[in-house]
1. Quote the FRET efficiency, to the nearest 0.05, computed for residue A:291 versus residue A:58 with a Förster distance R0 of 22 Å and r equal to the Cβ-Cβ distance.
2. Only helical DSSP H runs with n ≥ 4 go in: add -39500 (n - 2.57) per run for chain A, normalise by residue count and round the 222 nm mean residue ellipticity to 500 deg cm²/dmol.
3. Which Cα, out of B:251, B:319, B:365, lies furthest along the positive dipole direction of chain B (beta carbon charges, K/R +1, D/E -1)?
4. Fewest first, what order do B:127, B:170, A:348 take by the number of other Cβ atoms within 10 Å?
5. Take the Cα radius of gyration of chain B and divide it by 2.2 N^0.38 Å, with N its residue count; two decimals is plenty.
6. Which residue of chain B is nearest the rotation axis onto chain A, counting by its Cβ, and what is the distance in whole Å?
7. Compare the Cα positions of A:150, A:302, A:126 along the charge dipole of segment A:115-372 (+1 at Cβ of Lys, Arg; -1 at Cβ of Asp, Glu; about the Cα centre) and return the one farthest towards the positive end.
8. Residues of B:25-35, mean number of Cβ from any other protein chain within 10 Å of their own Cβ, rounded to a whole number?
There are 2 protein chains.
Amino acid sequence: MDTRLEVVYRLEVPSEEQGTFARALLLEQTVETPEEVALRVPVVRERLMGEIVELEPLEAGGARLVLQLPVETAGVDPAQFVNVLFGNASLHEQVILEDFELPPALFDRFPGPRFGIEGVRALLGVHDRPLTASALKPVGLSVDELAVLCRSLAEGGIDVIKDDHYWADHPFAPFEERVRRCQEVVQEVSARTGRRVVYAPSLSGTPSQVLRQAEIAQQCGVGAVLLAPMLLGLPFFYELVTRHLEVPVLAHPSFAGAQRILPETLLGKLFRLYGADMIIFPSFGGRFSYSRATCRALAERARQPWGPYRPALPVPAGGMQVERARELVEFFGRDVMLLIGGSLLRAHPGPELTARARALVESVAEAAAALSDPDLA
Amino acid sequence: MDTRLEVVYRLEVPSEEQGTFARALLLEQTVETPEEVALRVPVVRERLMGEIVELEPLEAGGARLVLQLPVETAGVDPAQFVNVLFGNASLHEQVILEDFELPPALFDRFPGPRFGIEGVRALLGVHDRPLTASALKPVGLSVDELAVLCRSLAEGGIDVIKDDHYWADHPFAPFEERVRRCQEVVQEVSARTGRRVVYAPSLSGTPSQVLRQAEIAQQCGVGAVLLAPMLLGLPFFYELVTRHLEVPVLAHPSFAGAQRILPETLLGKLFRLYGADMIIFPSFGGRFSYSRATCRALAERARQPWGPYRPALPVPAGGMQVERARELVEFFGRDVMLLIGGSLLRAHPGPELTARARALVESVAEAAAALSDPDLA
């Protein structure tokens, strides 16, 4: 068990075909050759063939398949890991990646969150309540307009102010100027109020563009960055986290929903494994259709004890309303960051927005204080 | 039209909700804020809101939605393009990305294939018949065993011999040694027979690992490389093609099937746009379930005239049988590369495999000579 990666798939295949399909999938995800060819090679036969651990027909139809796959191939590099997990398997419309169990032998290959929940809390100096976040948008605002927006939210008491994920190096708000100005605003408000506000710019582009942006952003002193792991590619995300970033990472789910992978596994587990400190996901009751069960499972996977990895902070988003803060805190508990964009931004920048942000922050604090479940509070 | 990106989605939404859903999706893919907030900003209102061009209920249920999206945001960088095409939209289970039309204003942002069909043919010196390819596998073979396999296939007349996509920098067959030896084999066979054989190693890992592998492989003189764009991330793929590779790219579909994007659009069009010269896909009649219609559409999109972009070579694969060569050539026509791995590799390395490879090459040539349809031949 210590040296085998366990992967759980759901097969949407009629019961009479499940055995054959499972065997074929095992070959697909390991040697990708006819069995007779693979068996000819001793090292392959003995160490690289993997194994069917469980094939359990489900009442609802289909089956749950658990494969043990050899770490010799999965652990070689961060691209190869995804390849072994769901490379060619992804091409089968009948296959869903449900979960995976990492063997301790692979723990040191992945960073997990470098800050995690406690690290992010320490950075913000907030230990006793859920956190809040908002977004700078829409794309199209000038740097001056962004600075006003940023100031309104910072003065309202929002903890983390992130770029909209559509921000890139647009000519009407060039990356460096935008980041410098917004960072100046949060620094000024932090210094004046004694309450740390973090600004997280969005890094986007090819690896060389993103590396340059990361350098500029960190030189400006930003407290975190926003990255979309599926858009940039998980291997590049891994390299950014392990080699280039000194600040926490807020992971954005853009381009991630289309994967036929359970969201709690992709966002809650794989993103955490690859180093996300805070994980944005579309919460129930918003613009997207993730269920309460999915959201609960995702938050659990982000936070639960797991080998050497720090817990990551779940960040429900996607059309959350200011008025729902209490419900969200009751659902997700204390270790959560509520990301509320549009619902805040309906207020005009300036005193009106600041007041609305402040109302949000206060209702979050009240909801947290009222948490009766000791596991949550 | 010249400055608008057109994107076609299929909405799996009941007819009474289609109007509202389409409007929400337009906002999602552009400003991601409530409409009233976006409309406050003149530049957003005038240039960045996009437009619903068509919303057509379908007989089978659902609707076809065509959005025009502003290139100001889509064209900023290769990550942003995907973001605008299918970033948050991918999180909606009711949305499928069907197609997109690139405005001429964006043509110079994307490389398309640098070699294309004619470039690959020129490299191989083969202009009058379909091409053949095979794979070095299973992972677990030693470098010596790989060299024997490679020689058998090269002597049998296979045009392109690629690494299995599971090859990475494995300790039992380290990248540099493996690539050097296989390249020596194809060079020796090419020199002796006067027929160019191309070896395409698989590059895998984080950007820095892949860049090092690309350098080694090109120093060894390889004729092409194998890359999995969805595994590495499309922006990194773009950067590799535009800045680091001097040889044609064979694109592998690993991790690409899970996307809720029509395969003909993702593999046939987006991979081509980002620079793939040869595009591997799971053909009908193999281990995967792509239909004939999907395969035909994919091959068409890879090869059809499209702005300034060279045609890319379709490479049907995924359990193709040597015995089906004729059928595949008749289906796909002359400009195709048949990738046949396991079915060839059932023969033992050495004279048996060489003979089987030769039989494949001959049946492909015969099938091509017999092509009656002048459009195909």
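The numbers here are math on the coordinates, done by the rules we state, and not lab data. Note that the structure is a prediction, hence the values are computed from the model and not measured. Reconstructed Cβ throughout: ideal geometry from the backbone, glycine too, with neighbour counts over all protein chains shown.
1. Approximately 0.75, to the nearest 0.05.
2. Value at 222 nm, helices only, nearest 500: -11000 deg cm²/dmol.
3. Final value for the positive-end residue is B:365.
4. B:127, A:348, B:170
5. Working: Rg = 22.2 Å, N = 377, 2.2 N^0.38 = 21.0 Å.
Expressed relative to 2.2 N^0.38 Å, the Cα Rg reads 1.06.
6. Spelled out, residue of B and its Cβ distance from the axis onto A: B:233, 1.
7. Projecting each Cα onto the dipole axis, the largest value belongs to A:302.
8. Shielding by partners across B:25-35 averages 5.
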